[in-house]
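Everything below concerns the one structure shown next.
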Ligand SMILES: C[S@@+](CC[C@H](N)C(=O)[O-])C[C@H]1O[C@@H](n2cnc3c(N)ncnc32)[C@H](O)[C@@H]1O
């Protein structure tokens with residue numbers, strides 16, 4: 001399985017995948033390295049399963065149809081050009097590959113705003129996936145929804 005994680009942050013998603021035994025390529029734009037994901041990965045013994053690369057979701061440095069799965073864990077609403085980013089996710093996903101976008105719900109955003117009042121609004125990825133060929137399964141879970149796209 002070739003797996004890509006968009007928006008490394010604290011490494012929550014990449015580390016969870018690595019703990020399941022997967023090799024993960026993860027990244028975020030240069031200058032965005034705000035969290036020490038490496039120490040956390042080291043602590044739980046999975047640093048060797050995670051490869052970090054500077055990247056911008058809006059123009060990914062990968063070939064067409066490279067990945068079996070792409071994970072975007074509460075990063076989508078931080079990306080400026082969401083339409084380009086989604087096009088890129090579908091471009092680099094293999095046929096029948098999955099794109100899993102975890103996004104805060106409006107209720108989730110309200111909770112985050114108790115600590116970070118200027119946090120961005122909730123985003124529904126379905127508003128940005130017109131004209132793309134896929135099937136979609138949504139798992140609703142209170143403050144966070146998982147949008148699981150499968151490339152047709
Ligand atoms: C809330 S954090 C993500 C948390 C992370 N996914 C985790 O599992 O811990 C949001 C991330 O989105 C990243 N980001 C913002 N714009 C981006 C872009 N254009 N391409 C890739 N990542 C981006 C930021 O660098 C930031 O780390």
- Task: Go through segment 72-81 and give me each residue that's more than 8 Å from the ligand (Cβ to nearest atom) and buried (at least 21 other Cβ atoms within 10 Å of the Cβ).
- Result: 76
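If you check residue 55 against the conditions, is it within 7 Å of the ligand (Cβ to nearest atom) and touching a strand residue (DSSP E or B) at 6+ places or on another chain (Cβ under 9 Å)?
Values: within 7 Å of the ligand (Cβ to nearest atom): yes; touching a strand residue (DSSP E or B) at 6+ places or on another chain (Cβ under 9 Å): yes.
For residue 55, the condition - within 7 Å of the ligand (Cβ to nearest atom) and touching a strand residue (DSSP E or B) at 6+ places or on another chain (Cβ under 9 Å) - is met.
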- Name the residues in segment 43-57 that are touching a helix residue (DSSP H, G or I) at 6+ places or on another chain (Cβ under 7 Å) and either modelled with pLDDT under 95 or part of a loop (DSSP other than H, G, I, E, B) (or both), would you? 44, 46, 57
- When you scan segment 43-64, how many residues do you find that are closer than 21 Å to residue 132 by Cα and either within 14 Å of the chain's Cα centre (by Cα) or surrounded by 14 or more Cβ atoms within 10 Å (Cβ to Cβ) (or both)? 5
- Message: Under 8 Å between Cβ atoms, which residue pairs at least 6 apart in sequence (or on different chains) link something in segment 66-94 that is touching a residue at least 12 places away in the same chain (Cβ under 8 Å) with a partner that is assigned to a helix (DSSP H, G or I) and within 8 Å of the ligand (Cβ to nearest atom)?
- Response: 71/13; 73/12; 73/13; 76/85; 79/85
- Note on the structure: With the first residue restricted to segment 11-22 and required to be touching a residue at least 24 places away in the same chain (Cβ under 8 Å), and the second required to be within 6 Å of the ligand (Cβ to nearest atom) and not in a helix (DSSP H, G or I), Cβ contacts under 8 Å at 6 or more apart or on different chains are 12/73; 13/73; 14/8
- Message: Would you confirm, using the coordinates I've provided, whether residue 103 is crowded, with 16+ Cβ neighbours inside 10 Å, modelled with pLDDT of 95 or more and assigned to a helix (DSSP H, G or I)?
- Response: no
- Item | Members of segment 1-42 that are assigned to a loop (DSSP other than H, G, I, E, B), crowded, with 16+ Cβ neighbours inside 10 Å and within 8 Å of the ligand (Cβ to nearest atom) | 7, 8, 9, 11, 28
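The values are calculated or read from the model by the stated rules, or taken from the named source; none is laboratory data. The structure displayed is predicted, hence computed values, not measured ones. Methodologically, a virtual Cβ is constructed for each residue, glycine included, from the backbone with ideal geometry; neighbour enumeration extends over all protein chains shown.
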